[in-house]
Amino acid sequence: MLVLVTGATGFVGNWVVAELLARGHGVRCLVRPGSEGKLKAADRVAVFLGDVLDEAAVNQAVQGCEAVVHLVGIIREFPRRGITFERLHVEATKNVVDAARAAGVQRYLQMSALGARPEPADPYHITNFRADEYVMASGLTYTIFRPSVIYGPEDQALNLLVRQIKAFRVVPVIGKGLYQLQPVAVWAVAQAFALALELPHTENRIYEVGGPEPLSFNAIIDSLAFEVRRRILKIRLPVWPFRLAAFLLGRFAWFSLTSGQLRMLLEGNTCDPAPFYHDFGLTPISFKDGLIRYLT
């Protein structure tokens, strides 16, 4: 198939592009001008310069494609720069879906988020849910993936903790650190996206995607420290100072935590991933084994 990929220059996007190429698909990438250098397989794909918020650019890029993989999404907003959940989740998805439908695309794959749901919820989850609803009502043959935290080389979440562990050996823990996540390896996610184009039984399905077991934040930190061979000190801090700091400073790019991100962290992010692994024929990768693959 000739596949259009949006968000191809991101962490997950580069892995998905590589997997599509490995399985013999032709790949076309819609890339924002100036981001071309982040596309690792630029010499093996067709690059169309444009933005998912530009309807004309999306319409041009999708012409002749048989499938679309839409990966664009953000984890925090910067409204003064026009970077909002409403624009990058809902409006962008509408542009890509409408263009795909008009071009007669056969398969549509969407990256969503675990926990996507209607109100009451965080705007991050609400806008992902609304985007998913638009996809499902489009008439396209779709598959939607809702992953927990995705980890691997160059991820922007767990690798930040790894750097902190290596540099300082002290890790602040918000509250008791008992809130649970279900980290999933990026290569498993990428394989599933590529396989979805070949497996009819995955059509018109939503998959919750996570590692094989939920892990507390404390357990995640301990696993990271063990794999990089560092003894660490976990300092448990009350929640309220983080809430105050996130409220006051979360709008600044240099501050690493927003109020929404804090709420979602404390809420936890887990699922039953059995249907995902079963339907795609993938072997669940334990967090420990996943870390060994790229940290040691």
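None of the figures in this text is laboratory data; all of them are computed from the coordinates on show. Nothing here was measured: the structure is a model prediction, and the numbers come from that model. With ideal geometry, Cβ positions are generated from the backbone for all residues, glycine too; neighbour counts draw on all protein chains shown.
Write down the percent of antiparallel bridges among all DSSP beta bridges whose residues are both part of the chain, to the nearest 5.
10 percent
Can you give the Rg/Rh ratio of segment 117-158, where Rg is from the C-alpha atoms and Rh is the Kirkwood radius?
We get a ratio of 1.09 for segment 117-158.
If only Cα atoms are counted, what is the Rg of segment 111-226, and what is its Dmax, in Å?
In Å, with Rg to one decimal and Dmax whole: 16.6, 52.
Taking just the C-alpha trace of segment 30-184, give me its Rg and Dmax in Å.
17.7, 54
Determine, for PHE226, PHE252, the number of other Cβ atoms within 10 Å of each Cβ, and report the residues in order from fewest to most. Each step should come with its number before you reach the end.
Working: PHE226 15, PHE252 10.
Going from sparsest to densest Cβ surroundings: PHE252, PHE226.
For segment 156-296, what are Rg and Dmax over the alpha carbons, in angstrom?
Both quantities, over Cα of segment 156-296: 17.1, 50 Å.
If you wrap a convex hull around the Cα atoms of segment 179-255, how much volume per residue is inside, in Å³?
Values: hull volume 14.0 nm³, N = 77.
Each residue corresponds to 182 Å³ of Cα convex hull volume.
If I take all pairs of Cα atoms in segment 12-102, what percentage of them are more than 21 Å from each other?
I get 32 percent for the Cα pairs in segment 12-102 exceeding 21 Å.
Taking N as the number of residues in segment 171-216, what is its Cα Rg relative to 2.2 N^0.38 Å? Numbers along the way, then the final one.
Details: Rg = 15.1 Å, N = 46, 2.2 N^0.38 = 9.4 Å.
Its radius of gyration relative to the 2.2 N^0.38 Å reference: 1.61.
With no solvent and one equal point scatterer per Cα, compute the Debye intensity ratio I(q)/I(0) for segment 241-285 at 0.33 Å⁻¹ and report its log10, rounded to two decimals.
-1.10
5 Å is the cut-off here: which amide hydrogens, built 1.01 Å from N in the peptide plane, fall below it relative to VAL27, excluding neighbours closer than 5 in sequence?
It is VAL3, ALA46, by chain and number.
Could you give me the ³J(HN,Hα) list for segment 24-31, computed from phi with Karplus coefficients 6.51, -1.76, 1.60 and θ = phi - 60°, whole Hz, x at Gly and Pro?
x, 7, x, 10, 10, 10, 8, 10
Regarding segment 220-265, what whole-number volume in Å³ per residue does the convex hull of its Cα atoms give?
Normalising the Cα hull of segment 220-265 by residue number yields 98 Å³.
Using θ = phi - 60° and the Karplus form 6.51 cos²θ - 1.76 cosθ + 1.60, what ³J(HN,Hα) does each residue of segment 256-266 get, whole Hz, x for Gly and Pro?
Coupling constants for segment 256-266: 8, 9, 9, 4, x, 5, 5, 4, 5, 4, 5 Hz.
Using the Cα atoms of the chain to build a convex hull, what is its mean projected area in square nanometres?
It is 15.0 nm².
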